[in-house]
Amino acid sequence: MIRFVVLAAPRTGSNWLCSLLDSHPSVLCHHEIFNPEGIHTAISTRTRDLGFGTVAERDLDPLSALERVWRCRLGNRAVGFKLNRGQSTVVFRRVLANAEVRKIVIRRSNRVRTYVSETLAERTGEWESYEWIKTSDTRTTVWVDPDQLQRHVSMNCRYYDEIDKALAASRAPALHVRYEDLGQQQVRQRMLQFLDVAPDVSLRPGTRRQNPAPLKVLIENFKDLHHALQGSDLQRDLLDEGEDADRREAGG
C-alpha cells in the first residue's frame, strides 16, 4: 500500500486536488481528517462509517487516529489525506519525518487571491463547494488591509519553508504542484505516477470554484490596495488574473 499526505495552506486548491485523486479507482484520498471542527473523509465515503471515531477520540490520541486512516484501505492501492496549515502538530511532524509517507505539496502562486479566498471562507463559513451543496447567491466582498495581507503571506511562507526543510532532511518522496497547473493532463498524470497507480485514468473534479469573480470585484478597497502595493511583487499578484485561464473546474 502507498501512503501519502497532501500538505497545503488553506485556499490553495487542495479540495480540488483531493477530489481529483479520489476519483481514481485505486486511490482513496480523504480531505481534512484532522480539521479541528470535524473529520472530513473522502467524497466517495461521506455516507459510510469508516470507524474513525469521534473528534474527541481523535484529539485524545491523534497518532492512533492516523493509524486508523492508514488501515482503512477499502481495496485501494494508495491511501492518503489532506493536512492543512496549523492542523495537528503531532501528526504534521510524524508524516513529515516518515520517509515512507509520500508528500504532495500544493501551493497557489497568487498570494493575494489566496488571502482573499481564505478571508471570504472565514466570513461565510463556506470552505467546500460541491454541486450538491447550495451556496448563497449573494456575493461577499472583503476589505484588505495591506499589513494583514503581508502577515498572511509571511505565515504561509514560513509554513512551506518548514515543509521544505523537513523534506530535505528526511529525503522523503515529494511532489510539488501548483494550483494553477491542476487542470493540465500531464500534471495529473505525474501525480498518479508518483502514487504508483495507473496514470492514464481520466480524473473527475468533485468541487466547484467558489470565488470566480476578478479581484477588483471581490476586494472593496481595490484601488487603495493597488496604490499601497505599488512596485511590489504583491501588486503583480493583485493584477494577475492569469490563473483563471487554467482554472476551468473547481476550487478556492
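FYI, it's all coordinate maths here, none of it is from the lab. What you see is a predicted model, and the numbers here were worked out from it, not measured in a lab. Cβ sites come from the backbone with ideal geometry, for glycine too, and all protein chains shown count toward neighbours.
Taking every DSSP beta bridge that has both residues in the chain, what percent is antiparallel when rounded to the nearest 5?
Of the beta bridges lying entirely in the chain, close to 5 percent run antiparallel.
Just how many pairs of Lys in the chain have C-alpha atoms closer than 29 Å, counting pairs that are eight or more places apart or on different chains?
5
What is the extension gain from K216 to Q184, computed as 0.36 nm multiplied by their sequence separation minus the C-alpha to C-alpha distance, in nm to one decimal?
Result: 8.9 nm gained on full extension.
What residue among L96, L203, L50 shows peak mean-square fluctuation when the chain is described by a Gaussian network model with Cα springs under 10 Å?
Its mean-square fluctuation being the largest, the pick is L50.
What is the pair-distance distribution P(r) of the chain, computed from all Cα-Cα distances in 5 Å bins starting at 0, with each bin given as a whole percent?
1, 6, 13, 17, 19, 17, 13, 8, 4, 1, 0
If each residue of separation counts as 0.36 nm, what is the full-extension length gain between S109 and D240 once their alpha-carbon separation is subtracted?
Length gained between S109 and D240: 46.2 nm.
Could you calculate the FRET efficiency of R151 with H176 from 1/(1 + (r/R0)^6), where r is the beta carbon distance between them and R0 is 25 Å, rounded to 0.05?
It comes to 0.55.
Applying the Karplus parametrisation 6.51 cos²θ - 1.76 cosθ + 1.60 with θ = phi - 60° to the phi angles of the range 209-226, what ³J(HN,Hα) value in whole Hz is obtained for each residue in order, glycine and proline being reported as x?
Ordered by residue, 3J(HN,Hα) equals 5, 9, 10, x, 5, x, 4, 5, 8, 6, 9, 5, 9, 4, 5, 5, 5, 4 Hz.
Ratio of Rg to Rh for the range 1-125, alpha carbon only, Kirkwood?
So for the range 1-125, dividing Rg by the Kirkwood Rh gives 0.95.
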